[in-house]
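Below: the structure, in structure tokens.
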Amino acid sequence: MTLNRTMAIVMLAAAIGAPIMAYETGQIGGIGSVYGEATAAIAAHGDFPSLAGATGWLNSPPLKPAELRGKVVLVEFWTYSCINWRRQLPYVRAWAEKYRDQGLVVIGVHTPEFDFEKNVDNIRWAVKDMKVGYPVAIDSDYGIWRAFDNAYWPALYFIDAQGRIRHTQFGEGDYGRSEAVLQKLLSEAGASGVANAPVSFEGKGAEAAADIASLRSPETYVGYARTENFASDGGLARGKSHTYIAPSKLRLNSWALSGDWTVASGLAALNKSNGRIAYQFHARDVHLVMGPASNGAPVRFRVLIDGKPPGASHGVDVDEQGNGIATLPRMYQLVRQSGLIIDKRFEIEFLDPGIEAFSFTFG
């Protein structure tokens, strides 16, 4: 997945042959000096790589770089369970609409992090639910990812009307600079009346910008291949059914299981009802990538914060009592706090068996 930070940090996920995900590299609020910087000469970084690796397309017939000459193209690498991409999405969506008539073509390249993101029906659901209206190349075999030599979610590649990569943005943030680059490339291509003013809006729900000042919890994978700070007694029993007990107290950013789980390389699967995951966190938002096992029935769950229902601190996918239902594999927003942020214990109890949990992210 992918997160962001105005502290200009780029956190890289541990290798294991998996693609690296970018965390926010900083958001620039105003256009001023950023616009001046971006409108200076922008050196080319190479030619528009092939899109032939796509295994399918949504919202468009297949597109080819040669056919896009004369257009400014923004290529966006994304995967639908990624919180960093969700927070970047409203900007890309707004740019696609604002500059479409002036020659901008936005192409979203959906390259999966998790196996369930290879399912075309899941991608189609995400495109509709998240209002992705621009062309989407399905890159489930990583053909386009390799052609661009990409390593991040989200990643933006800015391509001029001559088919040259002129700018890149890895991770969320820096939106003022990115839009200024688009404006410059459109002006170079002969578009008239390109406005200097940037798009302006406030993201809602999962699209809201992270509360960087309060964010002290990192993305945490649940599968044994990349997890850290696991605190259940006896450690992880890799790849086999095991009954876990969560400790009564957790240190910040440690997590634990209770109940009968099988922890595989990339996920933890609940074998019997009433299993729990606990996490000691420090952040405004808590998200969990999870879903029913393949072809499984929906799974009911309940969220607690310091042992109590979340009330007004519930996320968009639960009610004030903390109740929710996991119906398909995706990112669920479980907590959205306001006011002073302090260390708290998050717990999610699954009332039915069959859930698969992949990773926590925070915001």
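Annotations for the structure displayed:
- Given (1) surrounded by 19 or more Cβ atoms within 10 Å (Cβ to Cβ); (2) more than 27 Å from the chain's Cα centre (by Cα), number of the condition GLN169 does not satisfy: (2)
- Residue check, THR227 among the polar types (S, T, N, Q), out of contact with any Pro (no Cβ under 8 Å at 6 or more places or on another chain) and part of a strand (DSSP E or B): no
- Some residue of the stretch 284-293 being outside any strand (DSSP E or B), hydrophobic (A, V, I, L, M, F, W, C) and within 19 Å of SER81 (Cα to Cα): yes
- Flag if ALA206 is surrounded by fewer than 15 Cβ atoms within 10 Å (Cβ to Cβ) and not in a loop (DSSP other than H, G, I, E, B): no
- Within the stretch 334-363, if we keep just the residues that are part of a strand (DSSP E or B) and aliphatic (A, V, I, L, M), the residue that is surrounded by the most Cβ atoms within 10 Å (Cβ to Cβ) turns out to be ILE355.
- Residues in the stretch 93-109 that are under 23 Å from the mean Cα position of the chain (by Cα), in a strand (DSSP E or B) and among the aliphatic types (A, V, I, L, M): VAL105, VAL106, ILE107, VAL109.
- Residue match in the stretch 200-217 (condition: in the same structural domain as GLY339 (by TED's automatic domain parsing), out of contact with any Asp or Glu (no Cβ under 6 Å at 6 or more places or on another chain) and under 30 Å from LYS240 (Cβ atoms)): yes
- Filter result for ILE144 (among the aliphatic types (A, V, I, L, M), closer than 18 Å to PRO292 by Cβ and in contact with a strand residue (DSSP E or B) (Cβ under 6 Å, 6 or more places away or on another chain)): no
- Total residues in the stretch 193-208, condition in contact with a Gly (Cβ under 8 Å, 6 or more places away or on another chain) and charged (D, E, K, R): 0
- Take the conditions (1) farther than 25 Å from ALA268 by Cα; (2) in contact (Cβ under 8 Å) with a residue 24 or more places away in the chain; PRO218 misses just one of them, which is (1).
- Test: residue in the stretch 244-252 that is assigned by TED's automatic domain parsing to the domain that holds ALA357 and assigned to a strand (DSSP E or B): yes
- One residue stands out among those in the stretch 304-333 that are without any contact (Cβ under 8 Å) to a residue 12 or more places away in the chain and assigned to a loop (DSSP other than H, G, I, E, B): the one that is surrounded by the fewest Cβ atoms within 10 Å (Cβ to Cβ), which is GLU320.
- Residue count for the stretch 115-130, restricted to those that are within 15 Å of the chain's Cα centre (by Cα), part of a helix (DSSP H, G or I) and of a type in the set (A, V, I, L, M): 3
- Strands (runs of 3 or more DSSP E) fully within the stretch 135-197 counting 2 or more residues that are among the polar types (S, T, N, Q) and assigned by TED's automatic domain parsing to the domain that holds ARG86: 165-170
- The residue that is surrounded by the most Cβ atoms within 10 Å (Cβ to Cβ), counting only those in the stretch 175-187 that are in contact with a strand residue (DSSP E or B) (Cβ under 8 Å, 6 or more places away or on another chain) and closer than 13 Å to GLY103 by Cβ, is LEU185.
The values are calculated or read from the model by the stated rules, or taken from the named source; none is laboratory data. This structure is a prediction, so every number in the text was calculated from the model and none was measured. Note that each Cβ is placed from the backbone with ideal geometry, even for glycine, and that neighbours are counted across all protein chains shown.
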